[in-house]
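Novice: Below you'll find the structure I mean.
What follows is calculated from the coordinates using simple rules that are stated; it is not laboratory data. Note that the structure is predicted; figures quoted are calculated from it, not measured. Every residue, glycine as well, gets a Cβ built from its backbone with ideal geometry; the counts of neighbours run over all protein chains shown.
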Amino acid sequence: CVLKASQKRRPLSRLLEQLLRNLEKRDPNQFFAWPVNDNFAPNYSNIIKRPMDFSTIKQKIDDNEYKSLNCFISDFKLMCNNAMKYNKPGTVYHKAAKRLLHAGLKQLTPQKLRPLGNMLT
Ligand SMILES: COc1ccc(OC)c(-c2cc(C(C)=O)n3cccnc23)c1
């Protein structure tokens, strides 16, 4: 039986791709889909030293840069915290980041992850 390309991926990569898809659904406006552009966010690269976005996370999964689930979760938190640092409370981006962070972490609790655990075997 020939494995499909996705099934050939490392178990961790398959799990992270699944988690990423679920997190992206919480960003309907795609504010977090791509790197923030200094042209739309004045002085962004001077304020945010470690930018992060969903496309970069996806690339890191594909490049097998994540050695653990915790490293993936750290980048997700970094992405949300960057937005809450750069954007003032009350702005659409600060509110979107706070909502995304809370919704995302709820999906990443041990209770939610245990059923996916068999993807790591
Ligand atoms: C209004 O449409 C978009 C489209 C893409 C964006 O970032 C990828 C953003 C965006 C995303 C952000 C964040 C996440 O801080 N941001 C901050 C200031 C100005 N624009 C943004 C907005």
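Novice: Would you please list the contacts, defined by Cβ atoms under 9 Å and residues six or more apart or on different chains, that run from a residue in the stretch 93-106 that is part of a helix (DSSP H, G or I) to a residue that is among the hydroxyl-bearing types (Ser, Thr, Tyr) and within 12 Å of the ligand (Cβ to nearest atom)?
Specialist: So the pair list comes out as 93/86; 94/86.
Novice: Do we have residue 74 as free of Cβ contacts under 8 Å to residues at least 12 places away in the same chain, of a type in the set (Gly, Ala, Ser) and surrounded by fewer than 18 Cβ atoms within 10 Å (Cβ to Cβ) here?
Specialist: Spelling it out, residue 74 is indeed free of Cβ contacts under 8 Å to residues at least 12 places away in the same chain, of a type in the set (Gly, Ala, Ser) and surrounded by fewer than 18 Cβ atoms within 10 Å (Cβ to Cβ).
Novice: On to the next question. Would the stretch 56-67 turn up any residue that is in contact (Cβ under 8 Å) with a residue 60 or more places away in the chain, within 20 Å of residue 100 (Cα to Cα) and within 13 Å of the ligand (Cβ to nearest atom)?
Specialist: no
Novice: Still on this model: Output the number of residues of the stretch 68-105 satisfying the condition of being within 12 Å of the ligand (Cβ to nearest atom) and among the aromatic types (Phe, Trp, Tyr).
Specialist: Within the stretch 68-105, residues that are within 12 Å of the ligand (Cβ to nearest atom) and among the aromatic types (Phe, Trp, Tyr) number 2.
Novice: Quick one: which of 42, 51 is touching a helix residue (DSSP H, G or I) at 6+ places or on another chain (Cβ under 7 Å) and within 15 Å of the ligand (Cβ to nearest atom)?
Specialist: Residue meeting the stated conditions: 51.
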